[in-house]
Number of protein chains: 2
Amino acid sequence: MATTLQALATHSRLLILSRLRESPATVSQLAEAVEMEQSAVSHQLRMLRHLGLVQGRRSGRSVTYALHDNHVAQLLDEAVFHAEHLRLGARDQADETA
Amino acid sequence: MATTLQALATHSRLLILSRLRESPATVSQLAEAVEMEQSAVSHQLRMLRHLGLVQGRRSGRSVTYALHDNHVAQLLDEAVFHAEHLRLGARDQADETA
DNA sequence: CTGTTGCATGAAGACCTCTACATGTTTGTA
DNA sequence: TACAAACATGTAGAGGTCTTCATGCAACAG
């Protein structure tokens, strides 16, 4: 389970998923969108695939990726929501042990 | 944001948070519950504190930790829910590019 | 003040992860 | 078949993370 959640623990994967949340995209499109090398994107997509977060379909020479289902989109939304909430509340109460 | 979500990306922190979701606990209680050294627990609690996920209050010689608010509990629930869903769906469709 | 308990923190080492480079594989083209 | 395009994958190195050990700090007892 930690492994699954770790999929959202990296900037690059979060960018990829956010991009896919808008609409499906090919690997090269993703690479350009998130400003990463094709190789790096493929590696991350591999992990996301194994975790069941995304899905890839071949069309000719390119492979189009998309979020696996609405569940994933929802997960992303909730993650953003909570992260935002926490970011605000966690301002400086970090060190006040009280 | 990736940093925030990374809090849930580790087995140890997930255990700590799950334990705290039941009820507040002191550091030593946590250490015993999750079977980790007190030092390791403190280190993780530090990170969770800085992220605003937990809150610690001193009572005499011990410090009692608790989830920061209901929001965090909800985040945990949703994480578990989605993780479970994904785990089931991601069975073997990992390699079928179609 | 001295000692003890409970927790925090600094440092180091083992381990894991991410990226870049090179190369392999599949699909389409001529 | 030879070649190019779009991805996938093996590998290695840089960088980050987690745990352990040692130590420091705060609170209470005597």
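Figures for the structure shown
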item	result
Label geometry 7 Å along the beta-carbon vector: A:SER18 inter-copy distances in nm	3.0
MRE, 222 nm, helices only [DSSP H, n ≥ 4, -39500 (n - 2.57), over chain A, to nearest 500]	-18000 deg cm²/dmol
Cα centroid separation, the range A:53-76 to the range B:6-39 (Å)	34
Chain A - percent relative contact order, Cα under 8 Å, separation 6 or more	24
Carbon plus sulfur fraction of accessible area for chain B, probe 1.4 Å, in percent	48
Shortest-first nm distances, A:GLU78 label point to equivalent points in other copies (7 Å, Cα→Cβ)	0.6
Cα coordinate range in the range A:2-89, projected on the principal axes (Å, largest first)	48, 24, 24
Test item: B:46-54 mean partner chain Cβ contacts at 10 Å	4
Solvent-accessible area per residue for the protein assembly as shown (1.4 angstrom probe, square angstrom)	56
Label distances, nm, A:SER62 versus same residue in remaining copies, Cβ-directed 7 Å point	6.0
Residue mean of other protein chain beta carbons inside 10 Å, A:75-87	6
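The values are calculated or read from the model by the stated rules, or taken from the named source; none is laboratory data. None of these values were measured; they are calculated from a predicted model. Every residue, glycine as well, gets a Cβ built from its backbone with ideal geometry; the counts of neighbours run over all protein chains shown. For the accessible areas, the whole protein counts, side chains as well, though only heavy atoms, and no ligand, DNA or RNA atoms are used. Shrake-Rupley method; radii C 1.70, N 1.55, O 1.52, S 1.80 Å.
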